[in-house]
1. Report the label-to-label distance for S130 and D163 in nanometres (one decimal), using points 7 Å from each Cα along the Cα→Cβ vector.
2. Relative to the present Cα-Cα distance, how much length would full extension add between E260 and D196 at 0.36 nm per residue of separation?
3. Order 92-98, 162-168 from most to least packed using the mean count of other Cβ atoms within 10 Å.
4. Using the basic label-point model (7 angstrom from Cα toward the beta carbon), what is the A249 to K143 distance in nanometres?
5. Per 0.36 nm of contour for each residue apart, how much would the distance between V29 and Q96 grow if the chain were fully extended, relative to their Cα-Cα spacing?
Amino acid sequence: MGEKQKIQITALGLFPYKGMNLIRGVHQVQHLDSLETFEIRDDDIVVVTYPRSGTTWTQYILSLLYHEDQMTEGSNKPIQELVLQQQTINKNIRPQGLREKGKVIYIARNPKDVAVSLFHLQNFTKVLKSEPDFNTFLNQFLKGEVLGGSWFDHVADWYAHKDEFDILSMTYEDMIKDTRGAIVRISNFLGKKLDDQTIDTIVDKSSFKNMKEDPQARRDKQHPAVFEQSGSFIRKGKVGDWKIMFTVAQSEGFDQIYMEKMKDLALEFDWKL
């Protein structure tokens, strides 16, 4: 998108960009325009998720894997500076070199929990228009009219093309069920051999309790003017929180749309956690 491209601002304080909805004043078009030609190195690791799908958690794990001082001293830098992530990567905004170089870690999360987490984020941050009615927000989510655009398109596209990349695909639910196993999978994928004590330390350090207490993992602590004072950028980290928010009718309607859109995708979530 060049300078001549008109940016349409949506009602939610978002603007559409190549199939995604991004935040005006936060996501810079000049930066987005450069992503396709961004130079990928052999040792680059790109974490890709739809928003609220375990991005910060995965970044935190990687920071512990690659920055040993994090294990003992902690960091004086935000996690986002230690480990870069790309929620703004979809089929239309992928670095061309990513197919030949680098590694991708893709995390997908149960979309019902994603919707609930994104609903709370939208009402916690000041850069998006608040929407106190969950039913209204849920309809927007299902239509792809929220931050990140369509969850269905984002996940389906990456899974449809995953064989084109050196990629490790995981679900948030599997990471919750077996965090230690997930960390071992990540370290093996990256060619890092860890002893049991190191793995145990990473499991402990990357717990949601510890992350919530670490200001370097929380964007609301790094950018307090952008968020409301009550709440936390890192909320619960739990699976199944949707059961508290969804009515039976909302859940059934969601299931129907999910089956229609994702029926051909070889991806299964543990809905019963």
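1. About 4.9 nm, to one decimal.
2. Residue separation times 0.36 nm, minus the Cα-Cα distance, leaves 18.7 nm.
3. 92-98, 162-168
4. Taking the two extended label points, one gets 1.8 nm.
5. Extra length from V29 to Q96 when fully extended: 22.3 nm.
A short reminder: the numbers here are calculations on the coordinates, not readings from a lab. Remember, predicted model here, so these are calculated numbers, not experimental data. Glycine gets a Cβ as well: all are built from the backbone with ideal geometry, and neighbour counts include every protein chain shown.
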